[in-house]
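The values are calculated or read from the model by the stated rules, or taken from the named source; none is laboratory data. Nothing here was measured: the structure is a model prediction, and the numbers come from that model. Every residue, glycine as well, gets a Cβ built from its backbone with ideal geometry; the counts of neighbours run over all protein chains shown.
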Amino acid sequence: MSYEQQPPAPENIAQPQQIQFRTLSKDTNTALREVASTINKMSKVFVEETDALNATDRTAFIALQERKFLTAQEYQNDMGQIISRKNEMTSADPAMKEKLKKMQADFAEISSQNMEALSRMQRCTEKLGNTIRNAAIHAAQKHRGYSYGENGAISNAAKRKAISSGLSETV
């Protein structure tokens, strides 16, 4: 199908759904348990994503992105509520507060491992892009026409003529 034969884009593109976040329980300890549940969900998503990156499983990585986005928003919402209720946290069960601190420390470690895997994948992608760009430069140089001088030699200007290449990425 040529460009001219492409059907027109749909007029009414679906708008993203408005996400309804929960309000944490009024009971401080219950609210902390709810936050712990969200931390667990976020940790699981990060572990799955890290595993997908380490296994170079592009399909699994892509499939996780929406869930990661939604879970991250839920995490942000819960943390915002906890921060706004920080005065109430003094009355929370000390064991629950300790459990939450440990969970946060574990989550920080999982998050760090995830960031390492993402950085590694980014470096690999950059290397691939550079390899493709260099191959394109070499192919262009190989197939480039030359200007021959009066004596049949290639002029120095033609030998030194640079090939411009660039890669533009927009995220």
Legend entry - Residues located in region 58-117, provided they are in contact (Cβ under 8 Å) with a residue 12 or more places away in the chain, basic (K, R) and under 22 Å from N29 (Cα atoms): R85, K97, K99
Legend entry - Flag if E74 is assigned to a helix (DSSP H, G or I), farther than 13 Å from N114 by Cβ and among the acidic types (D, E): yes
Inset, instruction - Might you check whether a residue that is modelled with pLDDT under 60, part of a helix (DSSP H, G or I) and surrounded by 11 or more Cβ atoms within 10 Å (Cβ to Cβ) occurs anywhere in region 142-165? - result: yes
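This table checks each residue for (1) in contact with a strand residue (DSSP E or B) (Cβ under 7 Å, 6 or more places away or on another chain); (2) in a loop (DSSP other than H, G, I, E, B); (3) closer than 20 Å to F69 by Cα; (4) modelled with pLDDT of 95 or more.
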{"residue": "I13", "(1), (2), (3), (4)": "no, yes, no, no"}
{"residue": "P16", "(1), (2), (3), (4)": "no, yes, yes, no"}
{"residue": "F21", "(1), (2), (3), (4)": "no, yes, yes, no"}
{"residue": "L24", "(1), (2), (3), (4)": "no, yes, yes, no"}
{"residue": "N40", "(1), (2), (3), (4)": "no, no, yes, yes"}
{"residue": "V47", "(1), (2), (3), (4)": "no, no, yes, yes"}
{"residue": "T50", "(1), (2), (3), (4)": "no, no, yes, yes"}
{"residue": "L53", "(1), (2), (3), (4)": "no, no, yes, no"}
Inset, instruction - Output the qualifying pairs, or none if there are none: Cβ atoms under 9 angstrom, residues six or more apart or on different chains, first residue in region 21-50 and of a type outside the set (A, V, I, L, M, F, W, C), second residue in a loop (DSSP other than H, G, I, E, B) and crowded, with 19+ Cβ neighbours inside 10 Å. - result: T30/L24; E34/L24
Inset, instruction - Any chance you could count how many residues in region 77-104 are outside any helix (DSSP H, G or I) and acidic (D, E)? - result: 1
